[in-house]
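Worksheet for the structure shown next.
Just so it is clear, none of the values below were taken in a lab; they were calculated from the coordinates. No experiment lies behind these values; they were computed from the predicted model shown. Every residue, glycine among them, receives a Cβ derived from its backbone with ideal geometry; neighbour counts consider all protein chains shown.
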Amino acid sequence: VGRVAGVRGPGLVVVWPVVERAVRVSLRLMCLDVFCSEAVTRDGVAVRVRGGAVAEVSDPVRFAMTMDGPLVAATVVAERELRRQVADADLADLPAMAGRCGTEMAERISETTSRWGVRVTLLDIDDVQVPLRGELIAWADRLRETRPGG
């Protein structure tokens, strides 16, 4: 009657039809697709970044109490963190960022998503695309000017 009864274990569970309502929560690991359509690096080049995050339900009660999809919200938070990491890096540093493990980023994401009962354990960058536009040519010109003998 408006209160959470708590988590009931696996097996046969009795639910009173009018008084109680059952919510099933999957405790499996879930893969989230993270896609930043437009992220700008520190040196001003627009890139597209795609990756994946591994999430799990850490608190089934909070997960069930969240009205709108907490996994969708976790994906949005992961995209925001990925966009922030790209903004702190130069274009030349992006291949190295794609190669290293994203556990630090996953911890920062989990700080936000823990109130929804979701914990992100890994954020991995799969693909970094650099569309060939005028700012990329300008970036290459600036890089050539800053190098000695260039």
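Observations, loosely collected:
- Sparsely packed trypsin sites (Lys or Arg not before Pro) within the stretch 37-93, loop by DSSP, other Cβ within 10 Å at most 12: ARG42
- Full extension of the chain between LEU143 and VAL25 gives 37.3 nm of extra length, using 0.36 nm per residue less the Cα-Cα distance.
- Across ALA53, ALA73, ALA22, mean-square fluctuation computed from a Gaussian network of the chain (C-alpha pairs under 10 Å connected) peaks at ALA22.
- For the pair ALA5 and ALA46, label points projected 7 Å from Cα toward Cβ lie 5.3 nm apart.
- Comparing GLU111, GLU38, GLU20 in a Gaussian network model of the chain, where Cα atoms under 10 Å apart are tied by springs, the biggest mean-square fluctuation is seen for GLU20.
- Rounded to the nearest 10 degrees, the inclination of helix 103-113 to the longest alpha-carbon principal axis of the chain is 50 degrees.
- Between the stretch 1-28 and the stretch 63-114, the alpha-carbon center distance in angstrom: 32 Å
- For the chain, built as a Gaussian network whose Cα springs stay under 10 Å, the top-fluctuating residue of ALA55, ALA39, ALA140: ALA140
- Against the main long axis of the alpha-carbon atoms of the chain, helix 70-87 sits at an angle near 20°.
- Proximal charge balance of ARG147 [Cβ under 15 Å; K/R count +1, D/E count -1]: -2
- With each label modelled as a point 7 angstrom along the Cα→C-beta vector, the LEU132-LEU12 pair spans 6.9 nm.
- Dipole orientation for the chain: of the candidates LEU132, ILE109, PRO17, PRO17 has the Cα lying most toward the positive pole (charges on Cβ; Lys, Arg +1; Asp, Glu -1).
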